[in-house]
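The values are calculated or read from the model by the stated rules, or taken from the named source; none is laboratory data. Please read these numbers as outputs of a predicted model, since none were measured by experiment. As a convention, Cβ positions derive from the backbone with ideal geometry for all residues, glycine included, and neighbour counts pool all protein chains shown. For the accessible areas, the whole protein counts, side chains as well, though only heavy atoms, and no ligand, DNA or RNA atoms are used. Shrake-Rupley method; radii C 1.70, N 1.55, O 1.52, S 1.80 Å.
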Amino acid sequence: MPTLTAWETPKAGSLARLTQKTMPLPTLPLGQLRIGVHAVGLNFADIFALTGLYSATPQGAFTPGLEFSGTVIDAGAHNKATDSLFKVGDRVMGVTRFGGYCSVIDSEPDYLMPLPRHWDFAQGAAFPAQTLTAWYALTTLGNLQPDHNVLIHSAAGGVGLQAMKLTQALGATPVGTVGNPNKARILQDMGFSDVLVRQRDFSRQLTESGHRFDLVLDAIGGTVQQASFAALNPMGRLVVFGAAEFTPTGNRPNYLKAAWRYLRRPRYDVMDMISNNRSVMAFNLIWLWEQKTIMQTLLRELQAIDLPPPHVGHRFAFDDAHAALALLQSGQSVGKVVLEVPQ
């Protein structure tokens, strides 16, 4: 009997609960394609979901993972007479609402994209979720214009790097921030000249540097976010899509520490925002997954942008999911962390 292998947790609350399981392949649902997965992209949302800190975390047992790449291995008898863009043997990359840490994924064609011919599977798995995040933040919410100065936090991470590339491709000026000088040098070697190594007093650092911004992309939170908002030009926008300061350092969240940070989180006065012509927006990529029409529009827009393949900084064997998550959790990764599924 054909089987699949997946990483599954019986319930959220601890990374230690994540275990690998083998199970029979189910019947391919009507209207879906079966993908033999070659690579899986890791995201901070996986850590937050596994530890129970993500509002979209499924109840009960679930498999984490939001993006993948692979080969179509079954189009289903019901699909063969359709005008589907994909057929058996096609290389694809796609997004999924959890369920990504799996050797086989069944997906609606609407959530798949062709994998560019010159990209490998790890690069494909590094593209969909993080690039959709960056694109939606920059264009739909950020209203990016060619003359804009854009502050991008965690610029050496998966979303950050894609945001830096997209900002540059659209004619605006990206300014990245990172947590250490090594990451700054890596970004500079990639051609990004304006990179700030965040200091403890980031507000003072921005004031002394004279930087002002039309758009800020933030997934850190706390005082870094507050300082960034204060550095916005009139009509500037702060777009928030995460809160890395809440990332657990162990298998379980430190709830007291998280509660303290929650109480001290940035808060914004709408009357003050009106007076200063600055705004704050936030979003959750899971919501986008559920809006199929919007998702399809965004995917088409992305495919029209000539981007180089994403930077895959770390490749782990599929069996080493815990080690890969630990690296991502440490904040020491550069680019995308990917699991590669043996074929």
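Descriptive notes on the structure:
- Flag for GLY142 being modelled with pLDDT of 95 or more and not hydroxyl-bearing (Ser, Thr, Tyr): yes
- Criterion violated by SER275 - all others in (1) without any contact (Cβ under 8 Å) to a residue 60 or more places away in the chain; (2) open to solvent by less than 50 Å² (accessible area, probe 1.4 Å); (3) small (Gly, Ala, Ser) satisfied: (2)
- In region 202-219, the residues that are among the aliphatic types (A, V, I, L, M) and open to solvent by less than 20 Å² (accessible area, probe 1.4 Å): LEU206, LEU215, VAL216, LEU217
- Residue check for LEU327: without any contact (Cβ under 8 Å) to a residue 24 or more places away in the chain, open to solvent by less than 50 Å² (accessible area, probe 1.4 Å) and closer than 29 Å to ILE186 by Cα: yes
- Boolean, PRO128 is in contact (Cβ under 8 Å) with a residue 60 or more places away in the chain, open to solvent by 20 Å² or more (accessible area, probe 1.4 Å) and either out of contact with any strand residue (DSSP E or B) (no Cβ under 7 Å at 6 or more places or on another chain) or within 29 Å of GLY70 (Cα to Cα) (or both): no
- Test: residue in region 220-239 that is of a type outside the set (S, T, N, Q), within 22 Å of the chain's Cα centre (by Cα) and surrounded by fewer than 18 Cβ atoms within 10 Å (Cβ to Cβ): yes
- Of all residues in region 109-125, those satisfying the criterion of being open to solvent by 10 Å² or more (accessible area, probe 1.4 Å) and not hydrophobic (A, V, I, L, M, F, W, C) are PRO109, ASP110, TYR111, PRO114, PRO116, ARG117, HIS118, ASP120, GLN123.
- Those residues of region 30-44 which are of a type outside the set (Val, Ile, Thr) and farther than 12 Å from LEU325 by Cβ, in sequence order: LEU30, GLY31, GLN32, LEU33, ARG34, GLY36, HIS38, ALA39, GLY41
- Restricting attention to region 139-175, the residues that are buried (at least 22 other Cβ atoms within 10 Å of the Cβ), within 17 Å of PRO310 (Cα to Cα) and out of contact with any helix residue (DSSP H, G or I) (no Cβ under 6 Å at 6 or more places or on another chain) add up to 5.
- Scan of region 278-297 for residues that are open to solvent by 70 Å² or more (accessible area, probe 1.4 Å), of a type outside the set (A, V, I, L, M) and closer than 30 Å to PRO248 by Cα, ordered by number: TRP287, GLU290
- Subset of region 87-98 (residues that are open to solvent by 20 Å² or more (accessible area, probe 1.4 Å) and either of a type in the set (A, V, I, L, M) or at pLDDT below 95 (or both)): LYS87, VAL88, THR96, ARG97
- Pairing each residue of region 46-61 that is in contact (Cβ under 8 Å) with a residue 24 or more places away in the chain with any residue that is hydroxyl-bearing (Ser, Thr, Tyr) and open to solvent by 40 Å² or more (accessible area, probe 1.4 Å), provided the two are 6+ apart or on different chains, yields C-beta distances under 7 Å for PHE48/TYR54.
- Hits in region 176-193 (condition: surrounded by 17 or more Cβ atoms within 10 Å (Cβ to Cβ) and either among the polar types (S, T, N, Q) or farther than 20 Å from GLN332 by Cα (or both)): THR177
- Matching entry among ARG252, ARG267, ARG315, ARG300 (being open to solvent by 40 Å² or more (accessible area, probe 1.4 Å), among the charged types (D, E, K, R), in contact (Cβ under 8 Å) with a residue 40 or more places away in the chain and out of contact with any helix residue (DSSP H, G or I) (no Cβ under 7 Å at 6 or more places or on another chain)): ARG252
- Test: residue in region 153-163 that is modelled with pLDDT under 95 and farther than 30 Å from LEU299 by Cα: no
- Being touching a strand residue (DSSP E or B) at 6+ places or on another chain (Cβ under 9 Å) and either at negative phi or without any contact (Cβ under 8 Å) to a residue 24 or more places away in the chain (or both) is not true of ASN143.
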